[in-house]
Amino acid sequence: MNSAGIILGRQYRDIDSMSASEWTTVFEPKDQEGRPLKPEELPLMIAMTQQHPEQKRLRIRGLDKVLREIDVITVPIIAHEQRYLGAAAVFWEVPK
């Protein structure tokens, strides 16, 4: 299993097409105080809808049911002539 698979509790290729609403239901993302995050509060959604980079530390419950604290950095992908193409996210588990 790759690093994303370890954090998410399943191979990334098995979940890469999840919608934001599915992601918030399945992984139960929460802020550092334990408050559930809405889809529009997730870093990737912010990068996609507001088209600016975003960074956040949050907690998710992997599909293996393990609660993990992760750091997420997202960036919008913008081509020449300011054409928006999408967004990318990089995340890693925060060492305990």
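The values are calculated or read from the model by the stated rules, or taken from the named source; none is laboratory data. Please read all numbers here as calculations on a predicted model, not as lab measurements. Reconstructed Cβ throughout: ideal geometry from the backbone, glycine too, with neighbour counts over all protein chains shown.
Below is a table of values for the structure above.
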item: Qualifying positions in segment 59-76 - over 13 Å from Trp92 (Cβ atoms) and among the aliphatic types (A, V, I, L, M); result: Leu63, Val66, Leu67, Val75
item: Scope segment 10-29; condition over 11 Å from the mean Cα position of the chain (by Cα) and not in a loop (DSSP other than H, G, I, E, B); matching residues; result: Tyr12, Arg13, Asp14, Ser21, Glu22, Thr25, Val26
item: Search result, residues across segment 38-66 that are under 11 Å from the mean Cα position of the chain (by Cα) and either part of a loop (DSSP other than H, G, I, E, B) or at pLDDT below 85 (or both); result: Leu42
item: Matching option when the condition is hydrophobic (A, V, I, L, M, F, W, C), in contact (Cβ under 8 Å) with a residue 12 or more places away in the chain, touching a Gly at 6+ places or on another chain (Cβ under 8 Å) and more than 16 Å from Gln32 (Cα to Cα), among Leu44, Leu63; result: Leu63
item: First in segment 13-29 and surrounded by fewer than 17 Cβ atoms within 10 Å (Cβ to Cβ), second anywhere and assigned to a loop (DSSP other than H, G, I, E, B) and at pLDDT 70 or above, Cβ under 7 Å, 6 or more apart; result: Ala20/Leu42
